[in-house]
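Okay, so here's the structure we're looking at.
Bear in mind these aren't lab numbers, they're just calculated from the coordinates by the rules spelled out. Model, not experiment: these values are computed from the prediction. Don't worry about glycine lacking a Cβ; one is built from the backbone with ideal geometry, like all the others, and counts go over all protein chains shown.
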Amino acid sequence: MFNQKSNSINVEVRRIGGGFGGKETNFMTACICALLAKKTSKPIKLRLDRDDDIILTGKRHEFFSEYEVGFNDDGIIQGLKINLSSNCGMSPDLSVAINERALLHLDNAYYISDLEVTNYLCKTNIPTSTAFRGFGGNQGMMAIENIIDNISRYLKKDPVEVRKKNFYQNNKKI
């Protein structure tokens, strides 16, 4: 932040919990400490209360999806064109990796023979979105599960049956 060599900075952190994301890149509190230490020339101890912590720190990436899906009378998906947009907040943080994981999990357990995906990382005016358990996979899987539910409603079929018909299967081409 101040063009200072990283080996001249000493940081002591109390235990911060499990490794489920969101902590390894929390730069906002580091910047606050750096600024205060520079201004006062003294060590800084920062402990945010829960309300401030919730306001300042990033949350899970929200995703928005728009899609066109082709399917037959049995509900078997024959093609999917989908636009995914994620709310990255004010900086990219781990957004590239999270969006990549969303793309890799988009099919979930379903075979999709023809797929076109456009992926948008959107900068917005909220705190930086960050990693949480699932690391983007949840958002990708929710998109396809929503599509399966919509196909089921349109065809007036049991969503479980539509899911089963779309599952990946060994030695079977759809």
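Figure legend: label point modelled 7 angstrom from the Cα of residue 66 along Cα→Cβ; residues of segment 77-115 with amide N under 14 Å from it are 81-86. Compute the separation of the alpha-carbon centres of segment 131-171 and segment 21-84 and state it in Å as a whole number. If you average the Cα positions of each part, the centres end up 25 Å apart. Here the contact order of the chain, divided by its residue count and restricted to Cα pairs under 8 Å and six or more residues apart, works out to 24 percent.
Once the C-beta distance of residue 154 and residue 118 is scaled by a Förster radius of 35 Å, the resulting FRET efficiency is 0.90 to the nearest 0.05. If you model the chain as an ellipsoid using its alpha carbon gyration tensor, with each semi-axis the square root of five times an eigenvalue, the axes come out at 44, 14, 14 Å, biggest first. In terms of other Cβ atoms within 10 Å, 113, 85, 6, 95 run from fewest to most in the order 6, 113, 85, 95.
By the count of neighbouring beta-carbon atoms within 10 Å, fewest first, 69, 11, 162 end up ordered 11, 69, 162. Of the trypsin sites (Lys or Arg not before Pro) found in segment 69-157, the ones in coil according to DSSP and having at most 12 other Cβ atoms within 10 Å of their Cβ are 133, 156.
Between the amide H of residue 90 and those of 124, 126, 128, 129, distances stay under 5 Å, these residues lying 5 or more places away or on another chain, with hydrogens modeled in the peptide plane. The C-alpha atoms of the chain define a longest principal axis, and helix 95-104 lies at about 20 degrees to it.
Restricting to the chain, what percent of DSSP beta bridges are antiparallel, rounded to 5?
That works out to approximately 50 percent antiparallel.
Scalar couplings 3J(HN,Hα) for segment 122-132, obtained by applying the Karplus form with A = 6.51, B = -1.76, C = 1.60 to θ = phi - 60°, are 9, 7, 9, 9, 10, x, 4, 6, 9, 7, 9 Hz; x denotes Gly and Pro. Under a model in which nothing but the beta-carbon of Lys, Arg (+1) and Asp, Glu (-1) is charged, segment 101-152 shows a dipole of about 360 debye around its Cα centre.
The order of 107, 51, 93, going from fewest to most other C-beta atoms within 10 Å of their C-beta, is 51, 107, 93.
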